[in-house]
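The numbers here are math on the coordinates, done by the rules we state, and not lab data. Remember, it's a predicted structure, so these values are computed and weren't measured experimentally. Quick reminder, even Gly has a Cβ in these numbers, built from the backbone with ideal geometry, and neighbours come from all protein chains shown.
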Amino acid sequence: MISRFNFRSFLALALSWFRKAAWDKVAGVGSLDEEKSASLVSALAICHARQEEGQHGVVISRACREPSDQPTSVSAPLPAARTAYPIVVVRADLTPAMLDETRPGGTLSLGRGESAQDHHAGLAAAARTRHGWRRERRVIGHDATVPPRSDNPNLMLRRAARVGAHSEALRHNRKADAREGRRTTPRGRTVKRRTKVASGGALVAGLALGGGATAYGAYYQDRALPGSSISGVDVSGMTRAQVAAALQERADQVAVAVTTPTGTQDLSLADLGAGIDIDATLARTFAPNQDWSSYAKALIEQRAVSAVPAADEAALAKLVASLSAASEEPARDASVRLASDKKSFTVGPAKAGQSLDTTALSEAAATAARTLTSSQVTLAPVAKPATVTTEQAEQVAAQANDIVKAAAKISAGTKTFAATTEQKASWVDIPQATGELGTPTVDASAVTAWVTEAASSLKVAPRAGMRYLDQSGKLLRVVTPAADGAEVSNASAVAKALAASLSSGRSKTAEFQTKAVAATWNERRIARGAERLAYPAVDGEKWVDVNLASHTMTAYVGGQVVLGPIKMVNGAPATPTDIGTFHIYWKNPMMTMRGQNADGTDYETPNVPWSSFFNGGEALHGAYWRETWGYAASHGCVNLPIPTAKWIYDWAPIGTPVVTHN
């Protein structure tokens, strides 16, 4: 409707102007004067009323879609100096005197030294010439270059009037025309008045029709062509912004009624994660504007395009999850677990669930966005089988039980180690995750731990020996013999072999291999002179010899005597002094001793001086209550004269060996 209205309006405009401005005023093309040339230019201006040409100094700021006697402003001053531009006048009654008033600083800038009459003469001559348009032309003696661009407001003047005469010829022929009533072209041809009248009519009609096409093209250059629609939305004549707004308004009205087992709800395109790709839709709609043939087709053809849908997969997935929550029942996968007796594996059966079939929802959302039409869709529940079936779980359980049934043994000489059923079942590992049931394997670390424990039971630690050597290194005697040990040397290999066999359900008997662990010796190099003494002292070592047979005490350093032998009183036969090698562990300069007699009665002896304890309650100490020495009569202690007891107390540090013997 828009295209037909504009075309009819343009025809009415062209015919009205043609009758008024041409036939009523033009007696002959050759007699065009300044006033008529202004009318001619006015007609061109009407057709170019919506176009701008800032580059060439001419801007017509108000639309002139219908004939009007009201003046229209002309703005954008032209450059000064010697460049003259084509004059565009938008007022049919403009006179030369009025045009003369438009000087630099006004709305139109003329070439230096030229008058308004000269410009009118140039335009009139331009209407007379038959020469084709040349890119480089001269107007009233000044150079003016106008690139042949489709957006140039003088395009129709160039194409309809074929302007191009030289300014000098224009001036000469203007005088001859006024004198003889004829015109002479730049090439010297004479055209008679009748021919001029016909040419003038064709010229004016061409100008009118060509100008209408230019106005039509200019108007729809940035608007949707006539007959354009997007998914049923008429967008003819709309700008891009208007089309985008109309599409968004229509999209906001679209809804899809979604029915699930829990009810029905109306959801917008945004709720469905759908919408319109505005930029892509605009590109599709305005694509014909780049092809001038589409402007002609738009007058007789309708062009319907579909909106380009846009999808938000995350929003749609969130909606599906929300709709499914109330009616969806998760499926339960089959599982394999250890039986209560810990000796075999059993199966937990699978259970099917249900979910919503949401395929139709995404299709409905896309269709609604593409057609901008509301619709409805029903989402029905569908069975949802378990990912892991009972049959699959039974196969895995059978593999696990084969592992448990396989024998795992280790031989070690006359001894054999065999893994129990419970142990083998605890070694089985079955990978289980959501939707997945793996093949049973054997936990190698658990098998290794069992093998290591068995190997440890066979380990024999070596026993270190003790032997005495003289100062030259010669063996004097072996105090304690040394004994080598033994340990398993292939425990890691045995564990690996057992784990591999069990994983495949095969029995395996591995064999331990052992190796000897050499014993070590502890050696003492006896001091010279101590080789035959009761204690194998080394050089410089302090020690105390207590001879129970001779009832004497002797202090040594290595093999040398430093005190004694001194008579003493050792334990009575009923309370004897223990025999052995001991070490002083505690000292007390003055104390009260308490204990029991051989008959079980208690005794208490106060103020006992210089006690050096070496074996439990047995000590070397002074005995102020004795006057004679060299016999056995004490409770087990070694009684000494007080001066001797003090010397030992001061000389022997904690740890000094005390050897009692017979």
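Can you list residues whose amide H is under 5 Å from ALA307's amide H, if they're 5+ apart or on another chain and H is modeled 1.01 Å from N?
Correct list: SER231.
Amide H to amide H, which residues 5 or more places from SER411 or on other chains are under 5 Å from it, using H placed in the peptide plane?
Here the answer is PHE417, ALA510, GLU511, PHE512, since their amide H atoms fall under 5 Å of that of SER411.
Using the 2.2 N^0.38 Å rule of thumb for compact globular proteins, work out how the stretch 342-487 stacks up: its C-alpha Rg over that value, please. Don't jump to the answer; show the numbers that get you there.
Details: Rg = 33.8 Å, N = 146, 2.2 N^0.38 = 14.6 Å.
Cα Rg divided by the expected 2.2 N^0.38 Å: 2.31.
If each Cα of the stretch 514-662 is one equal point scatterer, what is log10 of I(q)/I(0) from the Debye formula at q = 0.15, 0.17, 0.19 Å⁻¹?
-0.74, -0.92, -1.13
How large is the Kirkwood hydrodynamic radius of the stretch 317-378, in angstrom, based on all distinct alpha carbon pairs?
15.2
Give a residue-ordered list of calculated ³J(HN,Hα) values for the stretch 362-373 (Karplus: 6.51 cos²θ - 1.76 cosθ + 1.60, θ = phi - 60°; whole Hz; x for Gly, Pro).
In residue order, the calculated couplings are 5, 5, 5, 5, 5, 5, 4, 5, 6, 9, 6, 10 Hz.
Restrict the search to the stretch 481-580; then list the trypsin sites (Lys or Arg not before Pro) that DSSP places in a loop and that have at most 14 other Cβ atoms within 10 Å of their Cβ.
ARG506, ARG528, ARG532
If amide H atoms are built 1.01 Å from N in the plane of the peptide, which residues on other chains or at least 5 residues away come under 5 Å of the amide H of ASP539?
Placed amide hydrogens put ALA527 under 5 Å from ASP539.
Given the stretch 353-400, report the % of alpha carbon pairs whose separation exceeds 14 Å. Please list the in-between numbers first.
Details: 744 of 1128 pairs.
Within the stretch 353-400, distances greater than 14 Å cover 66 percent of Cα pairs.
Can you run phi through the Karplus equation (6.51, -1.76, 1.60; θ = phi - 60°) for the stretch 579-585 and list ³J(HN,Hα) in whole Hz, with x for Gly and Pro?
Going residue by residue, I get 9, x, 9, 10, 9, 5, 10 Hz, with x marking Gly and Pro.
What percentages make up the Cα-Cα pair-distance distribution of the stretch 216-304 when the bins are 10 Å wide from 0?
16, 41, 22, 13, 6, 1
Can you tell me the convex hull volume per residue for the stretch 589-645, based on C-alpha atoms, in Å³ to the nearest whole number?
Here the figure is 88 Å³ per residue.
Once phi is turned into ³J(HN,Hα) by the Karplus curve 6.51 cos²θ - 1.76 cosθ + 1.60 with θ = phi - 60°, what whole-Hz value does each residue of the stretch 550-555 show in order, with x for glycine and proline?
9, 6, 10, 10, 9, 9
Return the loop-located trypsin sites (Lys or Arg not before Pro) in the stretch 572-640 (DSSP other than H, G, I, E, B) with at most 16 other Cβ atoms within 10 Å of their own Cβ; answer none if there are none.
Those satisfying the criteria are ARG626.
What is the magnitude of the charge dipole of the stretch 517-662 about its Cα centre, with +1 placed on the Cβ of each Lys and Arg, -1 on the Cβ of each Asp and Glu, and no other charges, expressed in debye to the nearest 20?
Here the size comes out at about 320 debye.
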